Every structure is written in structure tokens, then in C-alpha cells.
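The values are calculated or read from the model by the stated rules, or taken from the named source; none is laboratory data. The structure displayed is predicted, hence computed values, not measured ones. Cβ sites come from the backbone with ideal geometry, for glycine too, and all protein chains shown count toward neighbours.
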Amino acid sequence: MSSPIAPKVRVGLVGAGYVAAHHLRALNALPFVDVVGICDRDRARAEALAKRFRVGAVYTDLASMASAKPDVIHILTPPESHCALAIAAMDMGCHVFVEKPMAESLEECDRMIEHAHAKGVVLSVNHSDRFDPVVLKAIDVARSGKIGDVLAVHSIRSSDYPTYAGGPLPQPYRQGSYPFRDLGVHSLYLIESFVGPVHTLSVNFYASGRNPMLTFDEWRAYAECEHGTGYAYLSWNTRPIQSELEIHGTRGVIKVDRFLQVCDVNRILPGPKQIGNIMNGARNALRRAFVIPWNLVRFMTGSLKPSPGIYRCVQDFHIALHTNKPIPVPAEEGRRMAKWIDFASRDADHQKAQQLSHELTKPIARSRVLVTGGGGFLGRALVERLRENGESSRLLLRRGDAGAENVVVGSLGTPEVVDRAVQGVEVVYHVGAAMKGGKEEFEQGTVWGTRNVIDACVKHGAKLVYVSSMSVADHAGHVTGTPVTESSPYEPHPDRRGVYTQTKFRAEQMVLEAIRDKGLRAVVVRPGQIFGPGAEHVTPNGVIGIAGRWIVAGKGDRNLPLVYRDDVIDALLASERSPAAIGQVVNVVDPTPVTQNDYLGFAGRTRSLRVTRMPVWMLVILAFKIEILGKMMKRDVPLSRYKIRSLTPLWPFDVAKARDLLGWSPRVGAIEGLRRTFGGDPAGGP
């Protein structure tokens, strides 16, 4: 029996991640609830969330939150911490509402339940998908008998998880079962909602290789239940993202689309079956034509909440607790789900543990040189040149042949992987960096990757040749005709330029700080726009590629800061050999004038280009409108006025430093490089 609760329930949240916002929306809508604090080890994140939802107190550990005297604690942290935090909250005399899965093992679930009984408090789990409005409707339809006896349930779920952003590898990424442990629980309790408790469960998992951090990203589960069977398909690759249920009965089928908030019912109708199928299809089409736009209106006006299942489950728990009624998700249900998830995850976890152990202990051939990003456009060519020079390079690859003796497979963002790759080498060519993806991918591959390389080079005494980017320079503020040198101003607003510029800017600053403060022996090479065979589809500076069309900002008469790939490799190898270059930044750009139109002419030799020229002022107006739309939707936008101003290619360049320190001048050159890349002379040229 729960202990008495005061009319105004005092609630504290532990964990300030994305799900916390959904909990807070639901709690703030309950008149008898007072949120008294948010706890997170990342104080800045907790403070930002507290400010957003007007929560007065922020804490960095649960013990400190005791001073706020909460009655209920929501545990919203990763599953490996659920048990310890829940028990600590119960020791404070608090009821506990924990995110799914309840815990990582059956033993932990039992400890939590026993402790709740001993302390006389309530323990519940957030099985939110069961409280989604369309799922509740489907449950009502199934229980009403409209589709006859329910025989089977199929659950299809795909997802797009925030990418690992670098640093010490979090526990979920050390598990082969992640993220099945997170989403598989939804599928199982949804299946149980229609065909009863699971009796037996068989699971198959696969590695597609698309995201090496997830390892096993395709899962199939088959459940024998008390009243029927269940099948779950979970994928982190299929697009568009789906969250759907099919409930199959003897007299009908229910189809639920949780993202569109639509519940269709196909039932046996009088007459020929073909006519019945047509009638069902027509009826559902008419309903969808009304329901989907109406749901959009509800969402925009706030009457349909984001993640409505979380909203409903949180509120139903607190209403039941407040009125002393049975809670909607008892701890025993959470225990049952955790038991099956743990059972289904063991083999995948064991395989991942073996894989991690192998990657960090397998023998690696002795090498003088390490190349990061050796699978990329520049890195591959560098490795080939080193091979031609008789140098066998060690490679650090995100994915590849983990059995190869000269390859370390893993993320640049993982410190222990990078440290292992650098150990024993004399020189590191740090070419690797993120080139696409969201902010987490860039944080992992560029910022954490460079930090890890710096730390490993300092620790093991290796020399670093770091490949930076000309994007770190001030484009919008550059005065036309002023020679660009290594001391030209940095980009003053990297946050306005996009995540690539932001992360390359931070990475270069880290290298320079390590040279100054840690004794790092490094050369920073800043190439211009690198081109060559294999990069024919890359647009030149000042040209935007959209849906196969190249949009030129202006007349196309701007000179480009080009440098042919082989000439960049010459500069990198010279940087390693030059003692005078240590501690220096060196720009590497071909001084030969080549305009955007010249480049387009060469590119037209090998492909059919769709080129549109737009006045800069027109692009500025378009960017302004996109900015307004972004502010209305509270979303980052791909185009802004500042980005348009920054499209202007930097020119001319003073490359005296490359000549004096490295003895470098273009061996192939821009014009010959364009011929090698695209073939012949410019289309329509001499």
C-alpha cells in the first residue's frame, strides 16, 4: 500500500535528456503536481531544461535533491543506472516512476520490487506506447470483438538514434543488443496487450554494417503468447521511419500507424470478398483524408501532444497515485518485459564483447606511419603514395577488415581505439574527419577525433601532420584582392557557417593549443579545395548543389582556391620531412587562376551538368525567407544570409610559406589536374 501523499505532489526528475521534456509537459499540466527539481550530472543541460520549463532547482546528484523533499522521483537515465537510482530514491521515501526498460536484468528488477515493498512505496514503469491514443483505440476495438478472436500481432518499428558523439564509449554502445534493449521492450508489451503474456521468445539479429557503432541493427523476434503469436521487426535502416501495428483476427484486421495517428479497421462485410476489400479500402481512404490533416492541426495547436503515449502514461500514473487507485503499469509488468529483453540480448551482447576485446587486443603490425581517414578521397591516395615509396602504413578505419594486420577498426571518437592505433608509430597523418551527417557525427569524427589523436601523439611522442580546411578562414569579411596568408583572419562566426566549419575550426584550435601548451610536434596543413579523379561530383566553391542541379551564386567569374589531390600529398609528405614546419600553419593552394566557369567547362566534358546562375541578391532574399521559416518551426536551416555571403571563394593566395618551409609548388597544377579529372579541355574551349 502506498504511503499518504500531500494534496500537492512534489516531483523530481533524474536525467535531463530528450525524454525529460515530454515528462515535464505532462507534469506541468497536472494541477496537483509541483516539479521541485531536475537532477543531471551535466549541470548545464539540467539548467537549460529547468529554464525552459520554469523549474526552480537544479542538482547534479540525487542525494542533493533530497533537500527539495520530493514525493515522487522520475528516473530518466540510461537503463544501467535504473536500479541503483531507484533504490536510492526509495531510501528517500519516494515513489518511483522509471523509464523503460525497468532495468537491465531480472536480478535488478527483483531488487527494485523487493525494496519498494520494504519501503512501502510505489514503483512503476513508463510503457508509453501502450498509452498512445491510436493504440488505446486499437485495444478497445480488439476487446470489443469487432475483429473476432485475435490470432496474431505484427509490430514494425524503425528508428533514427542520435549518433555517438565521441568520448569514452557509453555503455549502450558496448552492448550488441543496443538499441534493441531500448525499442524491443515496446514491441513486446504491445504484443502482450493483444495476445497475452509471452510464453516463449526467439530472436534473430543481423549486422548490416551501415552503422558500425550499433553493430546489430536488424532484429526479428517471434513470440508465442497465451492467446496467439507476435512478430516484431526492428530496423535502424529502413526509411521512411515507421511505427506500425497489425492486429489479425478471425473477422478483421486492425492497422495502426502511430506516426500518423491513424487506426484503420478492415472487417468482413456482407457480399463478395472483393467488394468488401474495396469498401474497406474506400472507407479507410476517406477517413485518412480527414483524420491526417486534422491530426496535423491538432499537433500545431497543441491539443495533440508530441509523443502522446508518454504524456498519457505519466499523467495516468500520477492520477492513480493521487487518487489511491491501481497504477496503470505495475512493476511486475516491467519485470516481465525486462526478463525477455535480457534473455533475447545475451547472445548479441556476448558477440559484441568478443568483438571489442578482439579489436583492442589483436596483434598489429609494426608501422612507422599511421593514416586516419585512409578510406577517404585524400586518404586513399596518400596511402597509395606511401606504398609506392616503400612505406607500409597502419590505417585507422571506421569500418573495414578487422582481421587485417595493419588496420585498426573503430571510431576516431573513441579514445582507447585511437590510442591503440597511434601506439608505436612515429608519424600520424590525421586526414580523417566527418564529411556528412548530423552534429553528433561531426562532433565524433572531427572534434573528438582530433582531441584523441592529439592526446595519443603527445603520450606516445608521435609527430602529427594535421589536415585542416580553408573553411576556418573568414570568407564573408574577406576584402577582394587582398592576398590570403596563414595570418589572415579566422572565421568570426563559425556557428553561422554550419557544423563542418564549426568543428574544423575547433579542431584546428585544439592542435595549435597543443603545440603551444603540450609540446605537440605538429604541422597544420590547410589545403584549398581539393579535387581529382573520384571527386567529379563535388561542386566548386561558390556553387550550391541541390537535387542534381548546380546553382552558381553570381556570374561564375570568381577565381577558385583549387589544389590537385596529388599536389596536396606532396605537401603532406614535405611537412613530415621539414623540421622548420613544426609548429606552423601552412596554406596549400595552387596560384594558377581558374574561374568557376572554367571549372564548369571542364566538368561538362564528363557529365551533363544542369547549371543555374542566380544573382547573389536573389539568393539573399531566398535565404531570408528560409531563415524566417526556420524561426517559426524552431529548426536549423540549411541556408542563411551569412552562408550566402560566405560563398565567395577566397582569392588570391600568398603561398610563400609553403614554398619556403616545404619547398612546395604544384607539381601537377590546376589545369593539368582538371584534364586528369574530367578529360580534355573545357567544353566549348580551345
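General remarks:
- Filter result for the condition that a residue is in contact (Cβ under 8 Å) with a residue 12 or more places away in the chain and in contact with an Asp or Glu (Cβ under 6 Å, 6 or more places away or on another chain), over V371, V427, V417: V427
- Of residues in the stretch 272-317 being at pLDDT 90 or above and touching a strand residue (DSSP E or B) at 6+ places or on another chain (Cβ under 6 Å), the one farthest from S243 (Cα to Cα): F317
- Residue that is modelled with the highest pLDDT, among those in the stretch 142-163 that are within 16 Å of the chain's Cα centre (by Cα) and assigned to a loop (DSSP other than H, G, I, E, B): S159
- Single residue of the stretch 380-391 satisfying the filter (farther than 12 Å from E576 by Cβ and out of contact with any Leu (no Cβ under 8 Å at 6 or more places or on another chain)) that is surrounded by the most Cβ atoms within 10 Å (Cβ to Cβ): A381
- Of all residue pairs spaced 6 or more apart or on separate chains, those with beta-carbon atoms under 7 Å, a first member in the stretch 332-353 that is under 14 Å from Y206 (Cα atoms) and in contact (Cβ under 8 Å) with a residue 60 or more places away in the chain and a second member that is assigned to a helix (DSSP H, G or I) and of a type in the set (G, A, S) are A344/G184.
- One residue alone among V447, V427 is aliphatic (A, V, I, L, M), in contact with a strand residue (DSSP E or B) (Cβ under 9 Å, 6 or more places away or on another chain) and surrounded by 17 or more Cβ atoms within 10 Å (Cβ to Cβ), and that residue is V427.
- Search result, residues across the stretch 396-455 that are more than 21 Å from A207 (Cβ to Cβ) and among the basic types (K, R): R420, K436, K439, R451
This table checks each residue for (1) closer than 30 Å to C83 by Cα; (2) among the charged types (D, E, K, R).
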| position | (1), (2) |
| --- | --- |
| G334 | yes, no |
| A344 | yes, no |
| D349 | yes, yes |
| K362 | no, yes |
| A365 | no, no |
| G373 | no, no |
| F377 | no, no |
| N389 | no, no |
| N406 | no, no |
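- Test result for S67, free of Cβ contacts under 8 Å to residues at least 24 places away in the same chain, more than 28 Å from I341 (Cβ to Cβ) and either assigned by TED's automatic domain parsing to the domain that holds V33 or surrounded by 22 or more Cβ atoms within 10 Å (Cβ to Cβ) (or both): yes
- Checking Y466 against (1) without any contact (Cβ under 8 Å) to a residue 60 or more places away in the chain; (2) more than 21 Å from Y642 (Cβ to Cβ); (3) surrounded by fewer than 16 Cβ atoms within 10 Å (Cβ to Cβ); (4) of a type outside the set (V, I, T), the condition it does not meet: (3)
- Which listed residue, of G166, G196, G209, is at pLDDT 95 or above and more than 17 Å from M102 (Cα to Cα): G196
- Just one residue in the set R635, R667, R607 is more than 22 Å from P483 (Cβ to Cβ), in the same structural domain as A580 (by TED's automatic domain parsing) and surrounded by fewer than 17 Cβ atoms within 10 Å (Cβ to Cβ); that residue is R667.
- Checked against (1) surrounded by fewer than 22 Cβ atoms within 10 Å (Cβ to Cβ); (2) out of contact with any strand residue (DSSP E or B) (no Cβ under 7 Å at 6 or more places or on another chain), E359 passes all but condition (2).
This table checks each residue for (1) at pLDDT below 90; (2) closer than 23 Å to Y564 by Cα.
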position: S608; (1), (2): yes, yes
position: I644; (1), (2): no, no
position: V668; (1), (2): no, yes
position: P682; (1), (2): yes, yes
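- Extreme residue, nearest to V538 (Cα to Cα), among residues of the stretch 597-634 that are part of a helix (DSSP H, G or I) and basic (K, R): K625
- Residues being assigned to a helix (DSSP H, G or I) and under 26 Å from the mean Cα position of the chain (by Cα) - total across the stretch 130-139: 0
- Evaluation of L647 against (1) farther than 30 Å from I582 by Cα; (2) in a helix (DSSP H, G or I); (3) in contact (Cβ under 8 Å) with a residue 60 or more places away in the chain (one fails), failing number: (2)
- Looking across the stretch 289-338, just one residue is touching a helix residue (DSSP H, G or I) at 6+ places or on another chain (Cβ under 6 Å), of a type in the set (D, E, K, R) and surrounded by fewer than 19 Cβ atoms within 10 Å (Cβ to Cβ), and that is K305.
- Residues that are among the aromatic types (F, W, Y) and at pLDDT 95 or above within the stretch 406-460 comprise Y429, W448, listed in sequence order.
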